[in-house]
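Worksheet: one structure, shown below.
We did not get these values from a lab; they are worked out from the coordinates using the rules stated. No experiment lies behind these values; they were computed from the predicted model shown. Cβ placement follows ideal geometry from the backbone for every residue including glycine, while neighbour counts extend to all protein chains displayed.
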Amino acid sequence: MLRKSTVLMCVALLIGGGCARKAVTLTSAPPMDKESTRNYAVMGIAGKESAASRYLAVRHKLIVEAPGAEVPKSLDSVIAFCGTIQCEVISSNITSLTGDSAPLGSVSLRVRPGDVDKLIAFVGKQGEIAQRTTETEDKTTIVVDTDAKIKNLTDFRDTLRKMLARPGVSVKDIVEIQEKLADAQSQLDSEAAQRKILANETEKVAVEIDFRAERTMASVSAFKPIGDALRESASVLSESLASLITVVVAVIPWLIVIVPGGWFLVTAWRRVRRKRAVAVAAEPPAA
């Protein structure tokens, strides 16, 4: 009897889940602040659909050129400025000046939409923004589906808990309900984690900044072509020596056969010539 009721309840929840999904689709998203709405409107969301009903993942990529010695300082300044606004540092990397390699730096940030312009304006003071790219990905469908799954799983979990607390439940039914309850809770935790990731992507703007040293006329030395030629010559010489060593190693086994064979042929040829000379000398002179 309990199994039949469980099956009927699951079917009802699935049907109800479809209705809930439609309801979520038609209902607008939670209210957003004015700055977030303005940010999404700028991205071109127009028409009958409200900007607040969309879930967009926005990403900015900047390439900033600064004097070589200032690259580490500029990177640290951006990270410090991030702490003064609603911003978090996801990752950062810096490569110092080594030999002929110019210093490089990069930082990945998550910023509140209303603070993006402030951040970009500050970055522009650290050097010249050589390139700026903006990417937008619509994740509305994924967010709505995830919300519907969370609602259905939450209702299913709560129903199982009520069934478990009902008096007169047998031990066998308790075990089955607990197994289904553990599975439902595991799925609910997974969907909740996914929803948290989506919220972080859609409620904040990703900003990736790459710092590189600017090229100046002084950095190009008049002797640089000579240095490049010497490095290429060394490379060519090493390749030639490597080829010569390969040929020598390949010929050595054949020398073991060729040298004795050549010596034998030369010796035999000399013997034949010597015999012919003796024979000619022994012949009597013609009358």
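Evaluated against (1) in contact with a helix residue (DSSP H, G or I) (Cβ under 9 Å, 6 or more places away or on another chain); (2) farther than 30 Å from Q187 by Cβ; (3) assigned to a helix (DSSP H, G or I), T159 falls short on exactly one condition, (2). Here is the figure for the stretch 102-151: residues that are assigned to a helix (DSSP H, G or I), closer than 19 Å to P67 by Cα and in contact with a helix residue (DSSP H, G or I) (Cβ under 7 Å, 6 or more places away or on another chain) total 3. Comparison of T141, T202, T134 shows that the only residue that is of a type in the set (S, T, Y), loosely packed, with under 15 Cβ neighbours inside 10 Å and under 30 Å from I63 (Cβ atoms) is T134.
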